[in-house]
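Here's the structure, in structure tokens; my notes come after.
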Amino acid sequence: MKISVCGKGGSGKSTIVTLLARAAQKRGLTVLVVDSDESNSGLFRMLGFESPPLSLMELLGGKAALKEKMRNPAVLQQSEITIREIPAPYIQNADGLMLVSIGKVLQSLEGCACPMGVLSREFLKKLRLNKKEIAIVDMEAGVEHFGRGVDEAIDKILIMVEPSFESLATADKIKSLASGMNKKVAAVLNKIPSRKTTKKLVENLKGSIDIAGIIPYDPLVFETNLEGRALNECKAFNAAKKVMDALLQN
């Protein structure tokens, strides 16, 4: 299964990706986390890696070389890609938890992130998962990845919804765009401080989006992220396990 995690900036996508990856690992699955966010650089720390992998864009020769390859029908030569075919140092691996990065914006005036979007789309389309393998994709903030077609190969789209009007509006837009691609979506309510807040969010969603789970506000998550440490067992993790169980059952 390929699962994407998307939503407005700051809604907790990378945190939930990490928690879901840990939960899947606990279930005995081989987990590939795909960092498709070209601006956020801290996902590798949350997952417990000391350094990020070299990006797949660098594997293709860098951004300039990738732009040249975009003139061809495909930027990747392979018709199919398995996890085992991704060479080190372009993949990090620790006990069945793996991380790849599509590419990052590294300097000012380098141009748009369109090449990374093209690479994300093609990599996810060609990625072939074996039994007991799962891919969890940390998407860029907002909805541009839908315009780029990055979500075409995704099996399930999770929308992070935090307690804010902007987050609800983004979730509604994502639902609409995903429907245009015939993709199933579900919301994960994140950073929830109370039952009252849960009720308000559910009322605002008006039954238009299924709720896959509720992640409570957890001070330990914020402390861990502030200090740049790996995100492990916590109150939020227990809630994320229930989300992963629901995804696997469906």
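Quick note: the coordinates plus some simple rules give every number you see, no bench work behind them. Keep in mind it's a predicted model, so treat the numbers as computed, not measured. Virtual Cβ from ideal backbone geometry, glycine too; neighbours counted across all protein chains shown.
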task = Determine the dipole magnitude for the chain: charges of +1 sit on the beta-carbon of Lys and Arg, -1 on that of Asp and Glu, nothing else is charged, the reference point is the Cα centre, and the result goes in debye to the nearest 20.
result = 720 debye
message = For the chain, take the longest principal axis of its alpha carbons; what is the angle in degrees between that and the long axis of helix 235-249, to the nearest 10 within 0 to 90?
response = 70 degrees
query = Is it possible to state the helix-based mean residue ellipticity at 222 nm for the chain, with each DSSP H run of 4+ residues giving -39500 (n - 2.57), the sum divided by total residues, to the nearest 500 deg cm²/dmol? What is it?
reply = -11500 deg cm²/dmol
query = Against the longest alpha carbon principal axis of the chain, how many degrees, from 0 to 90 and to the nearest 10, is the axis of helix 165-179 turned?
reply = 60 degrees
inquiry  = If you take every residue apart from T15 with its C-beta less than 12 Å away from the C-beta of T15, what net charge results, scoring Lys and Arg +1 and Asp and Glu -1?
reply    = +1
Cα centroid separation, segment 160-217 to segment 39-113 (Å) = 30 Å
task = Filter the GluC sites (Glu not before Pro) in segment 165-250 to those in DSSP coil with at most 11 other Cβ atoms within 10 Å of their Cβ, and list the result.
result = E233
remark   = Within the under-13-Å Cβ sphere about P89, not counting P89, Lys/Arg +1 and Asp/Glu -1 give a net charge of -2
ask   = If you project the alpha carbons of the chain onto their three principal axes, what span does each projection cover, largest first, in Å?
value = 52, 39, 37
Proximal charge balance of A74 [Cβ under 9 Å; K/R count +1, D/E count -1] = +1
request  = Using a Gaussian network model of the chain whose springs link C-alpha atoms within less than 10 Å, name the residue from I209, I136, I174 with the highest mean-square fluctuation.
outcome  = I209
request  = Filter the trypsin sites (Lys or Arg not before Pro) in segment 169-250 down to the DSSP loop ones having no more than 16 other Cβ atoms within 10 Å, then list what survives.
outcome  = K184, K206, R229
note = Expected max-MSF residue from G207, G28, G12 in the GNM of the chain (alpha carbon, under 10 Å) is G207
remark   = Within the set G61, G149, G117, GNM on the chain using Cα springs under 10 Å gives the largest fluctuation to G61
request  = Could you work out the relative contact order of the chain, using alpha carbon pairs under 8 angstrom and six or more residues apart, expressed as a whole percent?
outcome  = 29 percent
request  = Taking the chain as the reference, fit the longest principal axis to its C-alpha atoms, fit the long axis of helix 13-26 to the helix C-alpha atoms, and give the angle between the two in degrees, 0 to 90, nearest 10.
outcome  = 90 degrees
